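A.B. asks: One structure, as structure tokens, below. Some questions next.
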Amino acid sequence: MAPVLKTDSLMIRPFERKDLAAFTRYRAQPDVARYQSWTEYTYRDAVTLFERMDYTTFGTTGNWYQLAIADEKTDVLLGDLAVHFIDDAQVEIGFTVDPQYQRKNIAFHAVNRLLDYLFDTLNRNRVIAVTDADNRASSRLLEKLAFRREGHFRQNIFFKGAWGDEYLYAMLNADFHCR
């Protein structure tokens, strides 16, 4: 089963149907979609993603899972985490925070708590994150969390009508415990 993880003010948990309206609202915003694979995001898109999610298989190699970042007291959806189990040792993560809750360290605390779970509970060796090279906020967050930039892929992706660069960030289990 997918975990329920807590910080002082956040709860990271499986998505619930009640989250989908807020999820759709922030994913449909141009500033959120700018660095994502979609241009428009509809409620139907959210329902389709939700119905495909099988949290009973959480941790299965090759699968992506979406986790909600919610306020611990009110359970209001603040953002989400994407988790891709590459193999038994490696995980890829992604994160999105609703613009009205950005610049409040929500992504920092949520990703940090997820890393703690991935490294300490699941004993994974390596966590990676790929971000658009122009997405300075994501790069700053990953560097603040002590991820190492391992690659700069130049014009490796044709994205929304233009060639773009991506950064590959990674953190090893040993690095996490030495921060």
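The values are calculated or read from the model by the stated rules, or taken from the named source; none is laboratory data. Keep in mind it's a predicted model, so treat the numbers as computed, not measured. Positions of Cβ are generated from backbone atoms using ideal geometry, with glycine treated the same way; all protein chains shown enter the neighbour counts. Areas reflect the complete protein model, heavy atoms only, side chains present, ligands, DNA and RNA absent. Shrake-Rupley method; radii C 1.70, N 1.55, O 1.52, S 1.80 Å.
A.B. asks: Ordered by residue, what ³J(HN,Hα) values in Hz, to whole numbers, does segment 138-151 give under the Karplus form 6.51 cos²θ - 1.76 cosθ + 1.60, where θ = phi - 60° and Gly and Pro are x?
C.D. replies: So the J values, rounded to whole Hz, are 5, 4, 4, 4, 4, 5, 5, 7, 6, 5, 9, 6, 9, x.
A.B. asks: OK, next. Grab the beta carbon distance between residue 136 and residue 72, set R0 = 30 Å, and tell me the FRET efficiency rounded to 0.05.
C.D. replies: It comes out at approximately 0.55.
A.B. asks: Considering only DSSP states other than H, G, I, E and B, which trypsin sites (Lys or Arg not before Pro) in segment 1-61 qualify as loop sites with at most 12 other Cβ atoms within 10 Å?
C.D. replies: Sites meeting the loop and neighbour criteria: 34.
A.B. asks: List the chymotrypsin sites (Phe, Trp or Tyr not before Pro) in segment 23-84 that DSSP assigns to loop (not H, G, I, E or B) and whose Cβ has at most 13 other Cβ atoms within 10 Å. Which are they?
C.D. replies: Of the chymotrypsin sites (Phe, Trp or Tyr not before Pro), the ones in loops of segment 23-84 whose Cβ has at most 13 other Cβ atoms within 10 Å are 38.
A.B. asks: OK, next. Based on the alpha-carbon gyration tensor of the chain, what equivalent-ellipsoid semi-axes (square roots of 5 times the eigenvalues) come out, in whole Å, largest first?
C.D. replies: For the chain, the semi-axes come out at 22, 21, 16 Å.
A.B. asks: Rounded to the nearest whole Å³, what is the per residue volume of the convex hull around the Cα atoms of segment 22-100?
C.D. replies: Roughly 106 Å³ of hull volume per residue.
A.B. asks: Right, another one. Roll a 1.4 Å probe over the protein chains and send me the accessible area per residue for segment 1-150 in Å².
C.D. replies: Counting only protein heavy atoms, the per-residue value for segment 1-150 is 51 Å².
A.B. asks: Tell me the carbon and sulfur percent of the accessible area for the chain, rounded to whole percent, probe radius 1.4 Å.
C.D. replies: The C+S portion of the solvent-accessible surface of the chain is 49 percent.
A.B. asks: Hey, another quick one. Assuming R0 = 25 Å, what is the FRET efficiency of residue 6 and residue 34, from their Cβ-Cβ distance, to the nearest 0.05?
C.D. replies: The formula returns an efficiency of 0.25 here.
A.B. asks: Given the -39500 (n - 2.57) contribution per DSSP H run of 4+ residues, what per-residue ellipticity at 222 nm results for the chain, rounded to the nearest 500 deg cm²/dmol?
C.D. replies: -7000 deg cm²/dmol
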